[in-house]
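The values are calculated or read from the model by the stated rules, or taken from the named source; none is laboratory data. The structure displayed is predicted, hence computed values, not measured ones. Here the Cβ is made from the backbone with ideal geometry for all residues, glycine too, and neighbour counts use every protein chain on show.
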Amino acid sequence: MSATSISTMAVVRVRGTLRGLAGGQSEHELDGATVVALLRALERRHPSMSGWILDERGRIRRHLSVFVGGERARESTAVRSGDRVDVVQAITGGSA
Amino acid sequence: MTELVVGTKKGLFLLEGEPGDEFEVTARAFAGQPVDYAMRDPRSGRLLATVGSPFYGPKLFYTDGDPAGEWEQADGVVLPEGGEQALERIWVIAAGDGADGVVYAGGDPGVLFESRDGGASFQLNAGLWEQPSRPRWQAGGGGLCLHSICPWPGDPARLAVAISAAGMWLTDDGGSSWRRGNEGLNPRYLPAEALQDENAGRCVHHVERAPGRPERMFMQFHGGVYRSDDAGESWTDIGGGGLPSDFGFPLTVDPADPDSAYLIPLVADMDRVTPDGRVRVYETRDAGATWTPRGDGLPAEHAYLTVLRQAFSRTGQGDRLQLYFGATSGELFGSGDAGATWSTVASRLAPVFSVAAGAP
């Protein structure tokens with residue numbers, strides 16, 4: 001069975017600016033079998049977040065990091081039911 | 001009273017003051033974030049700003065209220081979803097010439113957006129986006145940036161834009177169709193054999209139109225200063241006549257005099273600082289035949305400043321022309337007498353990306 005056919009409820013956690021765009025709420029229970037599916041679901045629930053995590057190509061913005069269960073993830077990373085997905089700013093040391 | 005809307009690496013600053021005086025910072029917004037360009041639309045009083053967050057991507061915001069308060073994000077400043085490209089940066093915002101609420105925004109990758117509601121929502125200009133030659137356009141060092149937007153006074157159908165390094169593009173039908181306007185430009189950095197390739201880098205740095213004679217335009221090129229007398233179709237080299245260098249970025253004009261232009265030359269592409277450790281603005285009043293240094297009051301020793309393409313602005317005209325520019329050193333300088341004398345307007349700001357002068 002392909003990952004995209006699985007209905008999965010996971011918790012996406014955002015903070016800072018993103019939390020403000022998400023109605024002031026940090027945790028969002030969403031249905032999606034991959035990271036990108038979850039993030040698109042988050043955008044549908046909070047349209048003002050469109051373009052803030054994913055760009056027009058559907059890629060995670062370069063200076064953001066997404067972790068699934070504490071492990072660095074990519075757009076296509078599969079998400080299992082009950083997983084915790086964190087969206088955080090990447091560390092950008094070396095640039096003032 | 002004059003207002004300066006200043007985009008910096010660390011936020012937006014608003015300053016107010018009288019020409020010749022030091023200005024007071026009256027507000028700061030987008031603290032800590034790079035504000036690539038910001039301006040106040042003189043028709044509506046609306047402030048518009050582009051924020052190039054490295055985390056969240058480029059966004060365009062506007063406010064009709066307290067600039068230190070909440071700003072609204074403009075809709076539609078995005079590329080088509082699901083394609084191969086993403087919007088990289090919004091380089092410039094320009095008010096249209098009429099009272100119809102038209103506002104333009106230009107950005108990387110060589111894209112133009114148009115708003116008909118004063119900047120609350122935008123649409124991508126399809127004619128430029130779908131140019132057949134687009135896949136062969138070459139980006140400049142700052143990306144494929146559409147940085148100059150020149151409306152035609154009284155005729156919204158006519159528009160000129162400049163893209164580094166895809167050159168000049170002109171439309172006479174409101175942006176439905178576009179044609180190049182690069183005749184006469186000499187990209188000295190290209191091998192002679194490559195000059196036949198119209199997609200090879202035409203690295204335009206900045207273009208301004210003379211409001212009183214709209215077919216007259218001035219261009220700072222990547223090595224070269226040019227004038228057009230046919231609305232950007234063709235260009236004549238005016239980079240001699242007393243300039244210490246024909247390399248630089250910023251350019252402005254006196255609206256009262258179509259033969260006028262002001263430049264701030266830098267040494268060269270490999271040394272992008274003011275020549276000889278002196279900060280000087282160069283003025284022409286004869287359409288580029290001769291250039292005169294205007295440095296009275298500007299740093300004259302060990303001053304190696306970089307002034308970026310959007311960091312030079314004007315308000316007023318003729319004898320009351322005010323000129324302002326900012327440097328990446330965080331300093332702002334101004335003149336209230338058309339460049340005859342200068343003073344420091346502010347110092348110790350963050351690196352200045354853009355300056356827009358006007359009435360508060």
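Is it fair to say B:Gln123 is surrounded by fewer than 19 Cβ atoms within 10 Å (Cβ to Cβ), modelled with pLDDT of 95 or more and more than 12 Å from every other protein chain (Cβ to nearest Cβ)? Yes: the conditions hold for B:Gln123. Residues being within 14 Å of chain A (Cβ to nearest Cβ) and modelled with pLDDT of 95 or more are entirely absent from the range B:131-146. When B:Pro250 is tested against (1) in contact (Cβ under 8 Å) with a residue 60 or more places away in the chain; (2) surrounded by fewer than 22 Cβ atoms within 10 Å (Cβ to Cβ), exactly one condition is not met: (2). Among the residues of the range B:128-139, the ones that are small (Gly, Ala, Ser) and buried (at least 16 other Cβ atoms within 10 Å of the Cβ) come to 1 in all. Annotation for the range A:49-65: no member residue is away from chain B (no Cβ under 13 Å), touching a strand residue (DSSP E or B) at 6+ places or on another chain (Cβ under 8 Å) and either more than 14 Å from B:Tyr56 (Cβ to Cβ) or surrounded by 20 or more Cβ atoms within 10 Å (Cβ to Cβ) (or both).
The residue that is modelled with the lowest pLDDT, counting only those in the range A:7-24 that are in contact with a strand residue (DSSP E or B) (Cβ under 9 Å, 6 or more places away or on another chain) and away from chain B (no Cβ under 14 Å), is A:Ser7. Only a single item in (1) of a type in the set (D, E, K, R); (2) at pLDDT 95 or above; (3) surrounded by fewer than 19 Cβ atoms within 10 Å (Cβ to Cβ); (4) closer than 21 Å to B:Val111 by Cβ is not met by B:Glu81, and it is number (2).
Within the range B:68-78, the residues that satisfy the criterion of being farther than 12 Å from B:Phe122 by Cβ and either buried (at least 21 other Cβ atoms within 10 Å of the Cβ) or within 11 Å of chain A (Cβ to nearest Cβ) (or both) are B:Glu70, B:Trp71, B:Glu72. Quick check on the range B:100-120: of everything there that is among the aliphatic types (A, V, I, L, M) and closer than 19 Å to B:Tyr56 by Cβ, which residue is farthest from the other protein chains (Cβ to nearest Cβ)? Among them, the one singled out is B:Ala105.
With respect to the stated conditions, B:Thr306 is touching a residue at least 12 places away in the same chain (Cβ under 8 Å) and within 28 Å of B:Met217 (Cβ to Cβ). Only residues that are away from chain B (no Cβ under 14 Å) and either in contact (Cβ under 8 Å) with a residue 40 or more places away in the chain or acidic (Asp, Glu) (or both) were counted across the range A:69-80, and they come to 6.
Tell me, which residue of the range B:42-61 that is away from every other protein chain (no Cβ under 14 Å) and crowded, with 21+ Cβ neighbours inside 10 Å is nearest to B:Arg89 (Cα to Cα)? Residue satisfying both the conditions and the ranking: B:Ala49. Hey, which of the strands (runs of 3 or more DSSP E) in the range B:267-352, taking only ones fully inside, have at least 2 residues that are surrounded by 22 or more Cβ atoms within 10 Å (Cβ to Cβ), in contact with a Ser or Thr (Cβ under 8 Å, 6 or more places away or on another chain) and modelled with pLDDT of 95 or more? Counting at least 2 such residues, we get B:281-284, B:312-315, B:322-326, B:332-335. Looking at B:Asp97, B:Asp21 in this structure, which one is touching a residue at least 60 places away in the same chain (Cβ under 8 Å), farther than 16 Å from B:Val6 by Cα, more than 14 Å from chain A (Cβ to nearest Cβ) and in a loop (DSSP other than H, G, I, E, B)? Being touching a residue at least 60 places away in the same chain (Cβ under 8 Å), farther than 16 Å from B:Val6 by Cα, more than 14 Å from chain A (Cβ to nearest Cβ) and in a loop (DSSP other than H, G, I, E, B) holds for just one of B:Asp97, B:Asp21, which is B:Asp21. Looking only at the range B:121-136, decide whether some residue is part of a strand (DSSP E or B) and either touching a Gly at 6+ places or on another chain (Cβ under 6 Å) or aromatic (Phe, Trp, Tyr) (or both). Yes, because at least one residue in the range B:121-136 is part of a strand (DSSP E or B) and either touching a Gly at 6+ places or on another chain (Cβ under 6 Å) or aromatic (Phe, Trp, Tyr) (or both).
Look at (1) of a type in the set (D, E, K, R); (2) within 25 Å of B:Ala346 (Cα to Cα); (3) within 14 Å of chain A (Cβ to nearest Cβ) and you find that B:Arg89 fails only one, number (2). Every test in (1) touching a residue at least 24 places away in the same chain (Cβ under 8 Å); (2) within 14 Å of another protein chain (Cβ to nearest Cβ) is passed by A:Asp83 save one, and that test is (2). Of all residues in the range B:245-266, those satisfying the criterion of being touching a Ser or Thr at 6+ places or on another chain (Cβ under 9 Å) and in a loop (DSSP other than H, G, I, E, B) are B:Val253, B:Asp254, B:Asp259, B:Ser260.
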